[in-house]
1. Every residue in segment 69-97 that is part of a helix (DSSP H, G or I) and within 24 Å of residue 130 (Cα to Cα), please.
2. I'd like the full set of residues that are in a helix (DSSP H, G or I), closer than 13 Å to residue 129 by Cα and touching a helix residue (DSSP H, G or I) at 6+ places or on another chain (Cβ under 7 Å), limited to segment 147-180.
3. Filter segment 105-117 for residues that are out of contact with any helix residue (DSSP H, G or I) (no Cβ under 6 Å at 6 or more places or on another chain) and outside any loop (DSSP other than H, G, I, E, B) and give the result.
4. For segment 86-106, give me the residue count where each residue is under 23 Å from residue 21 (Cβ atoms) and either in contact (Cβ under 8 Å) with a residue 40 or more places away in the chain or out of contact with any strand residue (DSSP E or B) (no Cβ under 9 Å at 6 or more places or on another chain) (or both).
5. Please work out which one of (1) at pLDDT below 80; (2) over 20 Å from residue 158 (Cβ atoms) is the condition residue 57 fails and give its number.
6. Can you confirm whether segment 141-156 contains a residue that is crowded, with 20+ Cβ neighbours inside 10 Å and closer than 23 Å to residue 4 by Cβ?
7. Please pick out the residue among 98, 90, 71 that is within 14 Å of the chain's Cα centre (by Cα), crowded, with 16+ Cβ neighbours inside 10 Å and at pLDDT 95 or above.
8. Could you tell me which of the residues 113, 105 is at pLDDT 95 or above, more than 30 Å from residue 1 (Cβ to Cβ) and exposed (fewer than 15 other Cβ atoms within 10 Å of the Cβ)?
């Protein structure tokens, strides 16, 4: 069985800000090494969109997969706001192949309730967050309640701890040791550090 555990459903301009796209294009021009799934559409002079993953593109790219985990991060700080209900609808229309994971912003006061809604009402089966894209400190005890809710709901959490080309991203939050308090407070939580 072939399972792709990390795909996105989001595109420019609906889900990416102009600034995010500009940072991505500058990284390409600087010849930053990027994974094969990163591409830029448009002519050499008019490249507008980066990291585009529209429904038809995602379906085509994952034809050979048996199962596909799909999400789109909500990270206003970095200029990314993926449409969670759109992802849920895409998953519903393409079951059982696609497995939807949601994203919430840990700094939002209503993030716990939002997570519960996404899982219980929209059918999401995992959570995607990113300290560097969303500008939140994993060592801040205020965030433990979100991870306790994920643990209670029995869903895994993918935490993006890698680097990025986004210039204002606080890389100090990318240190995996900062996740220790979450792991200790939520011993049964399944965490994927990506």
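The values are calculated or read from the model by the stated rules, or taken from the named source; none is laboratory data. Because the structure is a prediction, the values reported are computed rather than measured. Backbone-built Cβ (ideal geometry, glycine too); neighbour counts: all protein chains shown.
1. 76, 77, 78, 84, 85, 86, 87, 88, 89, 90, 91
2. In the first step, residues of segment 147-180 are kept if they are in a helix (DSSP H, G or I); the result is 147-153, 171-174, 176-180.
Adding the requirement that they be closer than 13 Å to residue 129 by Cα leaves 147, 150, 173-174, 179.
Hits for segment 147-180 are 147, 150, 173, 174.
3. Initial filter on segment 105-117 (out of contact with any helix residue (DSSP H, G or I) (no Cβ under 6 Å at 6 or more places or on another chain)): 107-110, 113-114, 116-117.
Across segment 105-117, the qualifying residues are 113, 114, 116, 117.
4. Applying the first criterion (under 23 Å from residue 21 (Cβ atoms)) to segment 86-106 yields 86-87, 90, 103, 105.
Next cut, either in contact (Cβ under 8 Å) with a residue 40 or more places away in the chain or out of contact with any strand residue (DSSP E or B) (no Cβ under 9 Å at 6 or more places or on another chain) (or both) only: 86-87, 90.
Summing the residues that are under 23 Å from residue 21 (Cβ atoms) and either in contact (Cβ under 8 Å) with a residue 40 or more places away in the chain or out of contact with any strand residue (DSSP E or B) (no Cβ under 9 Å at 6 or more places or on another chain) (or both) in segment 86-106 gives 3.
5. (1)
6. Scanning segment 141-156, I find at least one residue that is crowded, with 20+ Cβ neighbours inside 10 Å and closer than 23 Å to residue 4 by Cβ, so the answer is yes.
7. Values: 98 fails: within 14 Å of the chain's Cα centre (by Cα); 90 fails: within 14 Å of the chain's Cα centre (by Cα).
Going through 98, 90, 71 in turn, the sole match is 71.
8. Working: 105 fails: exposed (fewer than 15 other Cβ atoms within 10 Å of the Cβ).
That would be 113, the only listed residue that is at pLDDT 95 or above, more than 30 Å from residue 1 (Cβ to Cβ) and exposed (fewer than 15 other Cβ atoms within 10 Å of the Cβ).
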